[in-house]
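Q: Sharing a structure here in structure tokens format.
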Amino acid sequence: MTVRPGTSTSETSQTDAPGTRQRRPADRRRLIVDAAAKAFSDGGYHAVRLDDIAEAVGISAPALYRHFPNKYALFAETTSALARSLRSALDAVDTDGDDELRALLVAITAASFQNRRKGGLYRWESRYLEPADLAIVRDVVVHQHRRVRAAARRLRPDLGDADANLIAAAMTSVAASPTTHRASLPAREVTTLIPDAALNLLDVDLPGPVQPAAPGVHGLAPAAKREIILTEAINLFASRGFRDVTIEDIAHAADLPASGVYRHFPSKVAILEAAFWRATDRVTSAISDALAASTTPHEAILGMIRRYVQLTCSTTDLISVYETEIGHATPEARAALRNQQRITVEEWATWVSRERENLSITHARFLVHAALNVVTDLSRLQPQPSPERIEALSARILLGGNG
């Protein structure tokens, strides 16, 4: 089913409850879409109930169904509306002049910051949107990339295709990074700091592209049953999505009966949360190792970047599951994981602000989120860029002219 923007309905008095007649707000449909976008972004597609959205808007469920026949129709409309908003921001930027690239990056950053409560929608698009609806979103994403790449090449005509594509992807990731966190900063500062960091990537000295390594031996599989279960579950969650994987699927992949899985994990959610903590623990360990091997803030930042990039590039399934399935964890686990993420970002930001003495810790947090987002986004590209190329871009974001 392809969802198109709905036609307007009469705004005369409607009955939302027996015996009650009230005037329907003129922008009710927009209010529903806005509430749904925030709910889907925070909790994921399957975790959200239409009754919850209706309650957030202050209407009854039957009133919501007058606008959207089912949850998918509402989900498709929210993603389409977000894509149209970004397209409008891009189209408002003139296509000529030396300021086009900066203007595009400012427009993307402003749209991202304005819609940061809804940005998680992009994490769910490829898994849950039907092809025609997905095409609407993908068209805007491709258009955005092409405009940024073309504007970058006008300023640097020497950029080859591979470098231009990688730098454009990194710039866009930086500009979109405000949707990935809730750090506080005035909008006017965000729309200066983040575009500046993105624009600073234009003259990064990138290592040359390398051919992807031929498939080789990936090492030995773990022998412990708990580790086998966790490994196979992560693979299944990454490829099929948490909701569509059963305990029986995990048991079959681990060559165990279902009872064998339950001896190690009480539920599928417990397996998912164990995967989340596995990712979190590895990041924490990488930071500790980098600091232990460093004697200056500059060395610490480069060491953390190198280890984080290596970790992300080598465990893309684990990182992908963390990014896309967090909504299925219990509220208590989500709160604990997000608290640990804040501690991690604060550690990075502290060393960045020590290296760049003119940079406040608040600004450093935004740059750390931008750099981490770039690592995550670029590691998912096909073919995956070499770790050295990703490191060069993320280091420039954090170190600026100190790199």
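The values are calculated or read from the model by the stated rules, or taken from the named source; none is laboratory data. What you see is a predicted model; the values in this text were computed from it and never measured. With ideal geometry, Cβ positions are generated from the backbone for all residues, glycine too; neighbour counts draw on all protein chains shown.
Q: Might you let me know whether the range 60-73 holds any residue that is farther than 23 Å from Ala370 by Cβ, outside the structural domain of Pro157 (by TED's automatic domain parsing), in contact with an Asp or Glu (Cβ under 6 Å, 6 or more places away or on another chain) and in a loop (DSSP other than H, G, I, E, B)?
A: yes
Q: Next question, about the same structure. Only one of Leu318, Leu399, Leu367, Leu393 is more than 18 Å from Val174 (Cα to Cα), part of a helix (DSSP H, G or I) and either aliphatic (A, V, I, L, M) or assigned by TED's automatic domain parsing to the domain that holds Ala175 (or both); which?
A: It is Leu318.
Q: What are the pairs, 6+ residues apart or on separate chains, where a residue within the range 34-55 that is within 21 Å of Glu325 (Cβ to Cβ) and part of a helix (DSSP H, G or I) has its Cβ under 7 Å from a residue that is of a type in the set (Ser, Thr, Tyr) and at pLDDT 85 or above?
A: Matching pairs, first to second residue: Ala36/Thr78; Ala37/Thr78; Phe40/Thr78.
Q: Collect the residues in the range 74-102 that are surrounded by 17 or more Cβ atoms within 10 Å (Cβ to Cβ) and hydrophobic (A, V, I, L, M, F, W, C), keeping them in residue-number order.
A: Listed by number, the residues that qualify are Leu74, Phe75, Ala76, Ala81, Leu82, Ala83, Leu86, Ala89, Leu90, Val93, Leu101.
Q: If Ala329 meets every condition in (1) surrounded by fewer than 19 Cβ atoms within 10 Å (Cβ to Cβ); (2) modelled with pLDDT under 95 apart from one, which number is that one?
A: (1)
Q: Suppose the filter is part of a helix (DSSP H, G or I), under 26 Å from Thr191 (Cβ atoms) and either touching a Pro at 6+ places or on another chain (Cβ under 6 Å) or not aliphatic (A, V, I, L, M) (or both); does Asp98 pass it?
A: Spelling it out, it is not the case that Asp98 is part of a helix (DSSP H, G or I), under 26 Å from Thr191 (Cβ atoms) and either touching a Pro at 6+ places or on another chain (Cβ under 6 Å) or not aliphatic (A, V, I, L, M) (or both).
Q: Give just the number: which of (1) touching a Leu at 6+ places or on another chain (Cβ under 8 Å); (2) assigned to a helix (DSSP H, G or I); (3) surrounded by 22 or more Cβ atoms within 10 Å (Cβ to Cβ) does Lys118 not satisfy?
A: Unmet condition: (2).
Q: Every residue in the range 227-253 that is of a type outside the set (A, V, I, L, M, F, W, C), in a helix (DSSP H, G or I) and touching a helix residue (DSSP H, G or I) at 6+ places or on another chain (Cβ under 7 Å), please.
A: Selection gives Glu232, Asn235, Glu248, Asp249.
Q: If we scan the range 267-290, do we find a residue that is in contact with a Gly (Cβ under 8 Å, 6 or more places away or on another chain), surrounded by 15 or more Cβ atoms within 10 Å (Cβ to Cβ) and in a helix (DSSP H, G or I)?
A: Yes, some residue in the range 267-290 is in contact with a Gly (Cβ under 8 Å, 6 or more places away or on another chain), surrounded by 15 or more Cβ atoms within 10 Å (Cβ to Cβ) and in a helix (DSSP H, G or I).
Q: Picking from Ala170, Ala151, Ala175, Ala164, which residue would you name as being over 19 Å from Pro385 (Cβ atoms) and either surrounded by 18 or more Cβ atoms within 10 Å (Cβ to Cβ) or of a type in the set (A, V, I, L, M) (or both)?
A: Numbers: Ala170 fails: over 19 Å from Pro385 (Cβ atoms); Ala175 fails: over 19 Å from Pro385 (Cβ atoms); Ala164 fails: over 19 Å from Pro385 (Cβ atoms).
Among Ala170, Ala151, Ala175, Ala164, only Ala151 is over 19 Å from Pro385 (Cβ atoms) and either surrounded by 18 or more Cβ atoms within 10 Å (Cβ to Cβ) or of a type in the set (A, V, I, L, M) (or both).
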